[in-house]
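One structure below.
What follows draws every value from the coordinates through simple rules; no lab data is involved. A quick note: this is a predicted structure, and the numbers were derived from the prediction, not measured. All Cβ positions, even for glycine, are placed from backbone atoms using ideal geometry, and neighbour counts span all protein chains on display.
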Amino acid sequence: MTQSTSSPHDSGPRDPSPRESADTASAHDAARAAYETAQAAEDMFQIVAPDGTVARPELLPAPEIRLELYRQMRRARHFDERGWVLYRQGRLGVFPPFGGMEASQVGTAAALTKDDWLFPTYRDTGAALTLGLPIARAIAYWRTSPHGWHMPDDLKVLPFYIPIATQYPHAVGAALAEKRKGTRNVAMAFIGDGGSSEGDFHEALNFAGALDAPCVFILQNNGWAISVPTRAQTRATNLSRRAEGYGIPGVRVDGNDALATYHVTAEAVERARSGGGPTLIETVTYRVKPHTVADDPSRYRTDADSAGWDAKDPVLRLRTHLLQGGLLTEDSEAALLSGIAAEFEAALTEADGYPDPTPEEILDHVFAEPTPQLRKQREQIRAEAQQ
Ligand SMILES: Cc1ncc(C[n+]2csc(CCOP(=O)(O)OP(=O)(O)O)c2C)c(N)n1
Ligand SMILES: [Mg+2]
């Protein structure tokens, strides 16, 4: 592991909360500044800079791909914004927002086809929608309805994982099954910076590397694991280098540059398809929103912690690029946005029409064929519900 000589931990306590006192507030700021300096010294792949300047013109994807990435990011953002409103209206049970992380989710998932597997966490509604999860199903999931965890038959998107890191070994299993069957299909799994401190993360990377599993591991470093900043999670300032420990390629990419995330992921997917084994991709991004709709980040972070990230907004960055190149106009964008809004409202109506689940349905869709134990438990729940 490479460690900067100025460690982010030299300047004070590991995780001082800025609210405790003036002393801890300044220690908090100092720790952040040291960590940011160390992070900035690490390489990060980028195609489009925040102001729309193209750093690597030779790597721009085809125009139709750029437009499709923009469309998918807008769909994702629309879901994110409507998710907040629906929660406040009591029409979602819970919702972990991902606004500001669209390039990290859409650019990566867009490199897959429907024959591939996607293992998303609760944060990754945007990735799942990109691969084709119907919006109505995603709404149902955040209503905690079984309709939301029964995936369409033509889609290998797993239900959003809530237990941290468990999806990583599962993805390796799916990838190895595809390899054994002789297909070219790959498994992509998402994880957060916090999740990358879990044992499952490391076991999965090692296992996948040792067995050449066709896996693409996306590590979304959004700066926070609930209230814990990445610098308090680990001394590492470049999480993609964890790949070195397992002998697999690691890539650190600007997670707010959709063209960059797409480019590096497409390369990793092709490597996995052609027998080259797994890749770890760290997307450097930021959780500009609270952890979930029930969280209050002002209790553990200040405006200074999040400073600068609005200017790096991934949707606006691609928009600037497309407008500059004439691929998008104000008119074509207006038509796109109204189509997306109409699509969402139709899906909401569909989700509203799903019948209320019965208590025993909580056990449905767990296995293709329910086990004898599940059948028995289902009967018990039904009998209790009727009492
Ligand atoms: C095994 C496990 N431990 C703890 C939790 C509680 N928990 C929920 S979210 C979270 C933080 C995860 O942070 P990160 O991996 O960075 O993902 P992010 O929320 O930033 O997307 C924790 C600890 C959990 N869901 N599962
Ligand atoms: Mg995180």
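Find the percent of Cα-Cα distances in the stretch 149-239 that exceed 21 Å, and round it to a whole number. Every Cα pair in the stretch 149-239 considered, those over 21 Å come to 36 percent.
Work out the FRET efficiency for Arg19 and Ala341 from their Cβ-Cβ distance, taking R0 = 35 Å, and round it to the nearest 0.05. Provide the component values of the computation, followed by the final result.
Working: r = 39 Å, r/R0 = 1.10.
It comes to 0.35.
The lysine pair count for the chain, using Cα distances under 23 Å and pairs eight or more places apart or on different chains, is 6. When Asp43, Asp193 are arranged by Cβ crowding within 10 Å, least crowded first, meaning fewest neighbours, the order is Asp43, Asp193.
Over the chain, the ratio between the Cα radius of gyration and 2.2 N^0.38 Å evaluates to 1.01.
Glu64 to Gln387: FRET efficiency via 1/(1 + (r/R0)^6), r the Cβ-Cβ distance, R0 56 Å, to the nearest 0.05? Walk me through the numbers before you get to the answer.
Numbers: r = 58 Å, r/R0 = 1.04.
Efficiency computed from Cβ-Cβ geometry: 0.45.
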